[in-house]
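In what follows, a single structure is set out as structure tokens and then discussed.
The values are calculated or read from the model by the stated rules, or taken from the named source; none is laboratory data. Small disclaimer: the values here were computed from a predicted structure and weren't measured. We place every Cβ from the backbone using ideal geometry, glycine too, and count neighbours over all the protein chains shown.
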Ligand code: UDP
């Protein structure tokens, strides 16, 4: 394990900013100011959603520790998080399966809660290398939970996915919809959710929030951090951005014969900054309450592939040539969230538009800020 301890620099942002008056009651009954007190460990904190969440938490006065093995993240993101926030943060380089490293990390940096992002996340790869996914995602989570139990950390926010639903019977999808994942990745997320649910039920974990993400896209408005897929991206938005940059001649639109208004597939795209902010709302609930909540994180509105192409062209002024191809195996016609439970339980709603998502994704892709 490598520990880089970095202290706060070059900022006059105090630990209270944005959190003054936020009071939580701990299980021992004493009340405390979350913004002053809370230190949060982000596993996978250098990744796409982790890095944006780190920025939001730092801006809102939390103390943040990142843990990442950098298997799917660039170390340069650390310096860019610091540039955005003006705060240097401790970073632990470790594999989530390394229980000894996790225990040491918790002893070096005692934390109030964990946000657990670290996982393998490519659907296609999970079907080719299922054991790798079982090992990193499931074994990794078991080790994390064991290390948390050893040091007495009992609050967790968990990064789950709409992939747990599989083929939806009805859209919008509520959290009560049956969970029948159709690939190994989605299955591992469902198993991890079940493990956390059991630990809350049996009292080993005091409080948890399970967040089922729909389709995260976009980037921080600074253009300094964003999604950084290795190799040719499988997901629509990063591929579309690369077409706009002429790294590929055209976008392949997988199917125009779905039972949707324009025939292309419909998804619930959500701006990564909305998603990052949702983690702070979930964290606040987890620090202040016991029990478990499981919520969808989406906008509640679906856009088709062709609508996204049109929105991207309008927002960026860039042409995106495309060609209609056969359906991609395993894809469903439409998948969008009923986002009302998150509004009710977390008091959170997505606010950014499809134009914001396209503009910010493009700014990051074209590295305007560098
Ligand atoms: N898609 C597409 N071309 C691509 C990638 C994706 O037409 O190069 C479509 C895909 O069929 C789906 C939507 O875009 O309807 C979102 O796909 P993505 O892989 O981004 O997310 P998914 O919802 O499948 O996890």
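Looking across the range 191-211, the residues that are in contact with a helix residue (DSSP H, G or I) (Cβ under 8 Å, 6 or more places away or on another chain) and either part of a loop (DSSP other than H, G, I, E, B) or surrounded by fewer than 19 Cβ atoms within 10 Å (Cβ to Cβ) (or both) come down to 191, 195, 204, 205, 206. Applying the condition of being out of contact with any helix residue (DSSP H, G or I) (no Cβ under 6 Å at 6 or more places or on another chain) and touching a residue at least 40 places away in the same chain (Cβ under 8 Å) to the range 128-142 and asking which residue is farthest from residue 183 (Cα to Cα) yields 142.
Evaluation of residue 278 against the conditions (1) within 13 Å of the ligand (Cβ to nearest atom); (2) crowded, with 22+ Cβ neighbours inside 10 Å shows that the sole unmet condition is (1).
Applying the condition of being within 20 Å of the chain's Cα centre (by Cα) and surrounded by 22 or more Cβ atoms within 10 Å (Cβ to Cβ) to the range 95-120 and asking which residue is farthest from residue 278 (Cα to Cα) yields 96.
Checked against the criteria, residue 224 does not count as over 17 Å from the mean Cα position of the chain (by Cα), closer than 23 Å to residue 302 by Cα and buried (at least 20 other Cβ atoms within 10 Å of the Cβ). Residues to consider are 266, 270; find the one that is closer than 21 Å to residue 121 by Cβ and in contact (Cβ under 8 Å) with a residue 40 or more places away in the chain. After applying the criteria, what remains is 270. Only one of the numbered conditions (1) more than 16 Å from the ligand (Cβ to nearest atom); (2) under 26 Å from residue 71 (Cα atoms) is not met by residue 174, and that is (2).
Somewhere in the range 347-370, is a residue out of contact with any helix residue (DSSP H, G or I) (no Cβ under 9 Å at 6 or more places or on another chain) and either in a loop (DSSP other than H, G, I, E, B) or at pLDDT below 95 (or both)? Checking the range 347-370: at least one residue is out of contact with any helix residue (DSSP H, G or I) (no Cβ under 9 Å at 6 or more places or on another chain) and either in a loop (DSSP other than H, G, I, E, B) or at pLDDT below 95 (or both).
Have a look at 268, 262 and point out the one that is closer than 28 Å to residue 59 by Cα and within 12 Å of the ligand (Cβ to nearest atom). Before you say what the answer is, go through the steps one by one.
On the way: 262 fails: closer than 28 Å to residue 59 by Cα.
Unique residue meeting the criteria: 268.
Of the residues in the range 171-186, none is touching a helix residue (DSSP H, G or I) at 6+ places or on another chain (Cβ under 6 Å), without any contact (Cβ under 8 Å) to a residue 40 or more places away in the chain and part of a helix (DSSP H, G or I). Here's a check for you: in the range 233-247, which residue that is free of Cβ contacts under 8 Å to residues at least 40 places away in the same chain and either assigned to a helix (DSSP H, G or I) or near the ligand (Cβ under 9 Å from one of its atoms) (or both) is surrounded by the fewest Cβ atoms within 10 Å (Cβ to Cβ)? Checked the range 233-247; the qualifying residue surrounded by the fewest Cβ atoms within 10 Å (Cβ to Cβ) is 235. Here residue 209 passes the criteria (1) over 15 Å from the mean Cα position of the chain (by Cα); (2) more than 11 Å from the ligand (Cβ to nearest atom) except the one numbered (1).
Looking across the range 285-310, the residues that are surrounded by fewer than 22 Cβ atoms within 10 Å (Cβ to Cβ), assigned to a helix (DSSP H, G or I) and within 13 Å of the ligand (Cβ to nearest atom) come down to 306, 307.
Residue 316 satisfies every condition listed in (1) more than 25 Å from residue 178 (Cα to Cα); (2) out of contact with any helix residue (DSSP H, G or I) (no Cβ under 9 Å at 6 or more places or on another chain) except (2).
Among the residues making up the range 129-166, a single one is out of contact with any strand residue (DSSP E or B) (no Cβ under 9 Å at 6 or more places or on another chain) and within 16 Å of the ligand (Cβ to nearest atom): 133.
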